[in-house]
Every structure is written in structure tokens, then in C-alpha cells.
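Heads up, the thing below is written out as C-alpha cells.
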Number of protein chains: 2
Amino acid sequence: MTTVLLSLAVWNPARWLTSLQERLPDEKVIALEPDGSFAGTDAELAETEYLVAWKPQAELFARLPKLKAILSVGAGVDHLLDIPTLPDLPIARIVDPDLTNRMVEYVAWQALHHLRLGPSYQALQRAGQWRALPQPAAREVTVGIMGLGVLGIASAELLIQLGFRVTGWSRRAKDVAGVVGYHGDGQLRAFLGDTDILVCLLPDTPKTRGMLSAKLFGQLRQDGPLGGPILINAGRGRLQNEADIAAALTNGLLRGASLDVFAEEPLPASSPLWKLDNLFITPHVASVSDPAVLPRLIARQVKRMEAGEELQYLVDRSAGY
Amino acid sequence: MTTVLLSLAVWNPARWLTSLQERLPDEKVIALEPDGSFAGTDAELAETEYLVAWKPQAELFARLPKLKAILSVGAGVDHLLDIPTLPDLPIARIVDPDLTNRMVEYVAWQALHHLRLGPSYQALQRAGQWRALPQPAAREVTVGIMGLGVLGIASAELLIQLGFRVTGWSRRAKDVAGVVGYHGDGQLRAFLGDTDILVCLLPDTPKTRGMLSAKLFGQLRQDGPLGGPILINAGRGRLQNEADIAAALTNGLLRGASLDVFAEEPLPASSPLWKLDNLFITPHVASVSDPAVLPRLIARQVKRMEAGEELQYLVDRSAGY
């Protein structure tokens, strides 16, 4: 019998405990309280071999001497890699087909919203004005996807089918059917200059942090068919400079934007972003883990490793994701 | 040499004249002014064999004794069939792949907007509130399409791919892959009771006029996963009772709506619809004819008939569309 520990930060672990224990009837499943405390003994905690984690506390790891692997609850792992005391063990991310579908849905929704001039038509509606606007075709509009992982590739496939021209930028060269590929620092500028709608699905790493800045926006195609570039960020909030975004949406460097993630979440009430009507804000819901699905995926990983197989979806710690 | 007459109501015919003449170099192309007057002689007009028309004046037909066919500029033909003096000649509608793509795009955009709780998140943004809402999956939501013509079938295909459950209702039984079919007056109620998002793509006929009423809204599924039914009308404005829609969006009989068409266009400034923030208004732009494409399609029809072939996309006048 192995011990699986849940450390889910603010999430209530009760449903998870029941659900995961049902799926791992031969193992012992325990959980920290939302405040990080543990109701059992330190000896129980010390038996932990698998940590299922969302934003675990740095102090936790010293109490888990038998830990074998860390299973992130979520596709991003910056919440783990930022921890200085993180032990050198295998880390796996969640790859949930439902998470992928949800993200593709969000990207398609927001790309269509900007293609079809949604912010402008909503402003006209508020003003009580009936006016048809020049409407470019999807094939005249290039969506540039930063980050060609599972989510980026699946998003590209649907966007191509919707008729958009699609380009992609990734750290290393990738060959994705129907996608004009750019890669590396050397091709970033060419990629941006060939982009009307920028979709950011990058992970949060020291290299990507803060890159969605005024300097980058100025490199996007400014004379495109939508009257100015669009930013859609569903990656991580720390990639974006929010003061720059607010300024760009006001001075026209960006024509519009959709943000699902923010440097600080919840977005503070004092943020100037709330008031911008060419910005579509959603509260980090583009792709939300379904509590009913995740325990099944976690249980499968524990079973794999206990059967001597390698974990799926391992994180490359040197790359930072 | 045959004569082709353009009668395009408010549209400026200049670009059309040039473009159509280029594509029909052996024929004579003439045009009425936007006010319905003709700069040439009555004798020239009397040679007209093909009328390319958008909302032609009733008096026109008495001046066209040699008319052989009427080519509607647009998918809908109510602008023709309403004319009491309309001669009994073949009438063809426009079926433009671009028009179809645009309509599919609009339907997908608005279906996603309501699935992903766009109106609620935009209201929260205006209030400066960060709050995640329960998000049903597309597969839990049924989109019911009224009208399974070219536009309805193409819309169904994309909605199915986006993961929605899709049903359809048509006058006569139709078998569309992946679509749960209902037909005729007898199955309308069952169709409505099985619908969360109603997409109306019906033509305007004496049978359909006014059918989008409080009575119909009350028959839509009221306890569905989106917290109430949604109406999307991109068919014709005269199908809808706008006072009923305003009331339904206020009293909760409808959870939300998207209207691209209105009984009177432009929608009068006095309409209460403008102020409803669970209604998305667009000014009849869901699927707009591209002036660059239509002359090509019209020219093809003239060539077909001159070559002794039948026109494509003929209107069934007894059905009214």
C-alpha cells in the first residue's frame, strides 16, 4: 500500500478524497486542509509517495521523505517550479481531453468575437446605433499562436477549419499540418509581424515572463484587416504587462483583447482593465479542470508508476514546462 | 445578345455593372438608378431578359415584356414574393459558399458566446466582479436549428464538431448526419421542448411570420444546463415578435438572445431591445453578400440558361421559399 497526499491549496479536498480513494482502493489517500495543516500524524504524512498538488507550501517537502513523484493538478506547472525546496523528482502535468476541448472552445469563441467585430458592435448597441462595418473574411486574417503544445495544436486545427490563416511560434521548430511555423528568438519578430490575432498559450517560465509588453504589441501587424492587432491570452497572467495592455487598448496599439489570466488573481478591483470595453475579461475559466474527471486521470498515473511504467506527460524541468 | 437588368434598390450599381459586364462580354448589362429610375430608353429596358434584383419596385415588371428569369441577390426571396405584380417566371436565389461560411461563423460565434456564458461574464466585468460560474459542457447543451436548408445543414455540421448535441426542425422530414430530426407542425412542440439554444434560419413566409413569440419561447426547455433557453435569429426579422422578445429577456422566459434581423430595419432608436444586456444585436450582417463574389455567381446563372440548362437554386413559389 502506497500513500497519496492531496495538497490542493484553497480547494476543498473532500470530494477529491472520496473520488480518488474509490479509484485507488488498495492505496491510502490523505489530504491537507485548505490552510495547509494536516489533521493526522507526521508519521502518516512521512509515508507519502505521491503528492497531488496545486500550489503546495514550500515547507511541505521536508516532511515527505519517501516522496516518489509529484502530480500537478493543472496543465501549467509554474506553481511547482517556483518552489526553491522542490525535490528533484518526476513531475507530471495533467493532460485532460476535456481541458483541451474547453481551451479550443475559448480560443475559437474569442477569435470569432474579434473577427466578427463583436466589441465594435456591442459599443454600437450601447449607443443605440445601427451601422454595418467592413467585415474581412477569416481567410484574410492571420491568427498567430504562441505555444504549440497540446492546447496550441488543437486550437490551430479548429481555427484552420473556421477559415483563418494560422501561424505558430514555438521555442523549438514544430511541424503542424496547415500551420505556418516560426520558432526561437530569431523568428519571433517575423512571426509577430505576420500576426493579426495573437493567441498566447505559453507556459510561465523565466524566459516568457512579462513578454506580452508594449514592445511586443508594437511588432504585431498594425495595418491588418481588423484595423489593428488583437491579443488573446489564455496562458498565464505573469506573461503580461497589464499596464502596457491597458495603455495599448487605449492608445490603439492593440485594437482589442481577451484576457482569461492575470498577474494577480482575482484581478484587483482597482485594476484599470475592468473598464475597457475593447477588452473581454473572463476569470480564469477558459479551461477549468472538471473535479469529476481529474481524480480518474491522477489515479491512472499512480497505477502506471506502481506497475513500473513511466509517468505520462512528464515535465522538462530544464525547459521550465 | 441578351439584356441583363440590375435593380438593386439602395445599392450603388456602378461596381456591379462593371463587374457583371466583364463576366458577360457578349451580353448587354444595364442598371436602374438607386431611386428606381432608368437613364436609358424604354425600348432598351423592354429588351431585358434577366432581372438581377434586390427589392425591385412593383411597377417595374410591366416594363419588362421579354423577361425570362429573376435572379435574387440574396438567399431570401421574400423581397420578391411579396410583390403582387410578380410575373410567373423562374426565380433563383443566390447560394454563395461565402455567404454560407459567414452564416456558419455567426451561428458558431453566438452559440459559443451563450454556451460560455458571455453575457453573464460581460455583466460581471462591468460590475468589476471576479466570479467563476458553473460551466456546462457543449455535449450537455442542445442546439435546435429551425430550417435545414443549405445554411442550417452547414451550421449543424460545425456545431456538432464543436461538441454540441444538435437537433433540427424542418417543414418536411430531412435526414442530416448527426442531427436529431423533427419535422412539421406535429413535431414542433417536441422539438422546442428538446432545445436549449434555438437557432432560427427559417425563410419569411405566411406560415413562419411572427412564430418567434412568447408562446413558442414558453415551449423551449426551461430547466436546461444554461439556466434558461437562448434564441438566435439570423433568418428574417418578420418571424419575430419583438415586444415578446423584450418581455421574455426581462422576465426570464429567455435567458439570452442574439438577433441579426429585425421586423423593421434599421431597428428604430426607440426600440427597447437596444438596452437589453442579455441581447446581442448585430445590424443584419451575419451573412453579407460580398460584392466581389455575387456578379460571378449571377453571370454563371445567365450562362447556364443561355446554354439551355436549368437555373440552379430555383425557388418553390408554392412553398414560399
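The values are calculated or read from the model by the stated rules, or taken from the named source; none is laboratory data. This structure is a prediction, so every number in the text was calculated from the model and none was measured. Don't worry about glycine lacking a Cβ; one is built from the backbone with ideal geometry, like all the others, and counts go over all protein chains shown.
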Self-check item: Only one of A:L71, A:L17 that is of a type in the set (A, V, I, L, M, F, W, C) and either surrounded by 18 or more Cβ atoms within 10 Å (Cβ to Cβ) or in the same structural domain as A:L151 (by TED's automatic domain parsing) (or both)
Solution: A:L71
Practice problem: Return a yes/no flag: does region A:248-259 have any residue that is in a helix (DSSP H, G or I) and within 28 Å of A:V288 (Cα to Cα). | Solution: yes
Quiz prompt | Test for B:L151: is it away from chain A (no Cβ under 14 Å), in contact (Cβ under 8 Å) with a residue 40 or more places away in the chain and surrounded by 15 or more Cβ atoms within 10 Å (Cβ to Cβ) | solution = yes
Practice problem: State whether one or more residues within region A:68-77 are in a loop (DSSP other than H, G, I, E, B), at pLDDT 95 or above and in contact with a helix residue (DSSP H, G or I) (Cβ under 9 Å, 6 or more places away or on another chain). | Solution: yes
Practice problem: Pick out the one residue from A:G210, A:G235, A:G227 that is buried (at least 17 other Cβ atoms within 10 Å of the Cβ) and at positive phi. | Solution: A:G227
Quiz item: For B:A43, are the conditions met, namely being over 18 Å from B:L294 (Cα atoms), small (G, A, S), under 24 Å from the mean Cα position of the chain (by Cα) and assigned by TED's automatic domain parsing to the domain that holds B:R15?
Solution: no
Exercise. Say whether the condition of being assigned to a loop (DSSP other than H, G, I, E, B), surrounded by fewer than 21 Cβ atoms within 10 Å (Cβ to Cβ), of a type in the set (A, V, I, L, M, F, W, C) and touching a Leu at 6+ places or on another chain (Cβ under 8 Å) is met by at least one residue in region B:21-36.
Key: no
Quiz prompt | Filter result for the condition that a residue is in a helix (DSSP H, G or I) and either farther than 19 Å from B:Y106 by Cα or more than 10 Å from every other protein chain (Cβ to nearest Cβ) (or both), over B:D244, B:D316, B:D223 | solution = B:D244
Self-check item: Counted residues, region A:84-138 - those being facing chain B (nearest Cβ under 10 Å), closer than 23 Å to A:E157 by Cα and charged (D, E, K, R)
Solution: 4
Quiz item: Which condition number does A:P25 fail, the rest of (1) within 24 Å of the chain's Cα centre (by Cα); (2) modelled with pLDDT of 90 or more being met?
Solution: (1)
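Checking the conditions here, which among B:V29, B:V73, B:V95, B:V77 is of a type in the set (V, I, T), touching a residue at least 40 places away in the same chain (Cβ under 8 Å) and over 14 Å from B:L294 (Cα atoms)?
B:V77
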Quiz item: If a residue has to be touching a residue at least 40 places away in the same chain (Cβ under 8 Å) and either under 23 Å from A:A108 (Cβ atoms) or not hydrophobic (A, V, I, L, M, F, W, C) (or both) to count, how many in region B:158-204 make the cut?
Solution: 15
Quiz prompt | Residue check for B:V176: outside the structural domain of B:D78 (by TED's automatic domain parsing), modelled with pLDDT of 95 or more, surrounded by fewer than 17 Cβ atoms within 10 Å (Cβ to Cβ) and among the hydrophobic types (A, V, I, L, M, F, W, C) | solution = no
Exercise. Kindly check whether there is at least one residue in region A:131-143 that is in the same structural domain as A:P225 (by TED's automatic domain parsing), surrounded by fewer than 22 Cβ atoms within 10 Å (Cβ to Cβ), of a type in the set (A, V, I, L, M) and closer than 20 Å to B:F280 by Cα.
Key: yes
Self-check item: Subset of region A:271-309 (residues that are without any contact (Cβ under 8 Å) to a residue 60 or more places away in the chain and either surrounded by fewer than 15 Cβ atoms within 10 Å (Cβ to Cβ) or away from every other protein chain (no Cβ under 14 Å) (or both))
Solution: A:P272, A:K275, A:R300, A:R304, A:A307, A:G308, A:E309
Quiz prompt | Check on B:S270, among the hydroxyl-bearing types (S, T, Y), in the same structural domain as B:K174 (by TED's automatic domain parsing) and over 27 Å from B:V77 (Cα atoms) | solution = yes
Quiz item: Does at least one position in region A:42-54 carry a residue that is buried (at least 20 other Cβ atoms within 10 Å of the Cβ) and outside any strand (DSSP E or B)?
Solution: no
Quiz item: Where in region A:138-215 are there strands (runs of 3 or more DSSP E), lying fully within it, with 2 or more residues that are closer than 19 Å to A:F262 by Cα?
Solution: A:142-146, A:197-200
Exercise. Would you be able to say whether some residue in region A:141-162 is in contact with a Leu (Cβ under 6 Å, 6 or more places away or on another chain) and among the charged types (D, E, K, R)?
Key: no
Quiz item: What number goes with the only condition from (1) outside the structural domain of B:I153 (by TED's automatic domain parsing); (2) modelled with pLDDT of 95 or more that B:I245 does not pass?
Solution: (1)
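Taking into account only those residues within region A:55-67 that are of a type outside the set (K, R) and outside any loop (DSSP other than H, G, I, E, B), which is farthest from A:G147 (Cα to Cα)?
Applying the first criterion (of a type outside the set (K, R)) to region A:55-67 yields A:56-62, A:64-65, A:67.
Filter again for outside any loop (DSSP other than H, G, I, E, B), leaving A:58-62.
Numbers: A:A58: 29, A:E59: 32, A:L60: 32, A:F61: 31, A:A62: 34 Å.
By that ranking, first place goes to A:A62.
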Quiz item: Can you name the residue in region B:254-270 that is crowded, with 20+ Cβ neighbours inside 10 Å and under 21 Å from B:D204 (Cα atoms) and is also nearest to the other protein chains (Cβ to nearest Cβ) among such residues?
Solution: B:L267
Exercise. Could you identify the single residue in A:G181, A:G218, A:G186 that is in the same structural domain as A:I145 (by TED's automatic domain parsing) and either hydroxyl-bearing (S, T, Y) or more than 23 Å from A:D316 (Cβ to Cβ) (or both)?
Key: A:G218
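Select from region B:154-169 the residues that are of a type outside the set (S, T, Y) and within 14 Å of chain A (Cβ to nearest Cβ) and list them in ascending order.
If the condition is that a residue be of a type outside the set (S, T, Y) and within 14 Å of chain A (Cβ to nearest Cβ), then B:A154, B:E157, B:L158, B:L159, B:I160, B:Q161, B:L162, B:G163, B:F164 are the ones that fit.
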